[in-house]
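The values are calculated or read from the model by the stated rules, or taken from the named source; none is laboratory data. All figures in this text were calculated on a predicted structure; none of them were measured in a lab. Here the Cβ is made from the backbone with ideal geometry for all residues, glycine too, and neighbour counts use every protein chain on show.
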Amino acid sequence: MSIALAIVGVSVLGTWGIATISLIAGGIILMVAPADIETTSSGTAVGIFLLITGLISGGLMQVIAMPLMGIDPPIPMKAKNIVPHDRMKGWANAGSLRSFPDGVAKEVRLRSERVAIVRQGEEVYAMGALCPHARLPLGSFPGAPIKPEEIRDGCVMCPFHGARFEVSSGKAVRQPFSSEFNSNHPFLGQFQSKLFFWNKGAEDIQTYPVRIENDEVMVGLPR
Ligand code: FES
């Protein structure tokens, strides 16, 4: 994608997103704010209308506009679809060991798979690049102000809503919107937990077998 196209896309999505959030916030304010007794019912009706319009607008943005830009819709991924390692027999070269930053997830595309490579010193792990909660990238978006989080206690944390996954097993060890995350992230946590009222869980994430050959990181993929 060219830079100009990316700027246009981000501008459109940004404007659309702000309009959507404004509609939802305006609707909620009209519904809950105290009003004159004679205008309360009409204010509530307008509030409901704005809220529904905002939710529809947000839904259309996420299932139509964002996929057109290569961003997956925020539909949760199920652990039942995880492929076991013994079926990962197609090995692909992800790059040289030192090309991966120490302690931070970096996304690579291997064939059609989006894979996050996590290096901790000489240890390397590979896992799905998209968080099972809402399919946002664990390594964030290139150039985005939201940066990938450092690996802590053997776990990667999704920078968007704070779910944590063990890098060796893919096990979800903390769910999105924990009270700790929300108190440190008023917008991504506290505010977005309201928008994600329909989806607050994260199941385990896919992992991939890894081996190092001549300092190159080889990742096993489903054939
Ligand atoms: S997308 Fe990762 S916790 Fe929400």
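In the condition set (1) farther than 18 Å from residue 139 by Cα; (2) of a type in the set (Gly, Ala, Ser); (3) not in a strand (DSSP E or B), residue 202 is compliant with all but (1). For the stretch 7-59, taking the residues that are modelled with pLDDT of 80 or more and hydroxyl-bearing (Ser, Thr, Tyr), the one that is nearest to residue 141 (Cα to Cα) is identified as 15. Only a single criterion out of (1) more than 16 Å from the ligand (Cβ to nearest atom); (2) among the small types (Gly, Ala, Ser); (3) not in a strand (DSSP E or B) is not satisfied by residue 139, namely (1).
Checked against the criterion of being within 24 Å of the chain's Cα centre (by Cα) and within 18 Å of residue 219 (Cβ to Cβ), the stretch 52-73 contains not a single residue that satisfies it.
Residues that are out of contact with any strand residue (DSSP E or B) (no Cβ under 9 Å at 6 or more places or on another chain), at positive phi and of a type outside the set (A, V, I, L, M) are absent from the stretch 152-163 altogether.
Across the stretch 185-206, a minimum of one residue is classified as within 12 Å of the ligand (Cβ to nearest atom), more than 25 Å from residue 24 (Cβ to Cβ) and buried (at least 17 other Cβ atoms within 10 Å of the Cβ). For residue 144, are the conditions met, namely being crowded, with 20+ Cβ neighbours inside 10 Å and under 30 Å from residue 22 (Cβ atoms)? Considered against the rule, which asks whether it is crowded, with 20+ Cβ neighbours inside 10 Å and under 30 Å from residue 22 (Cβ atoms), residue 144 comes out as no. Of all the residues in the stretch 147-172, those that are among the aliphatic types (A, V, I, L, M), crowded, with 21+ Cβ neighbours inside 10 Å and closer than 19 Å to residue 108 by Cα number 3.
Here residue 125 passes the criteria (1) hydroxyl-bearing (Ser, Thr, Tyr); (2) under 15 Å from residue 205 (Cβ atoms); (3) within 16 Å of the ligand (Cβ to nearest atom) except the one numbered (3).
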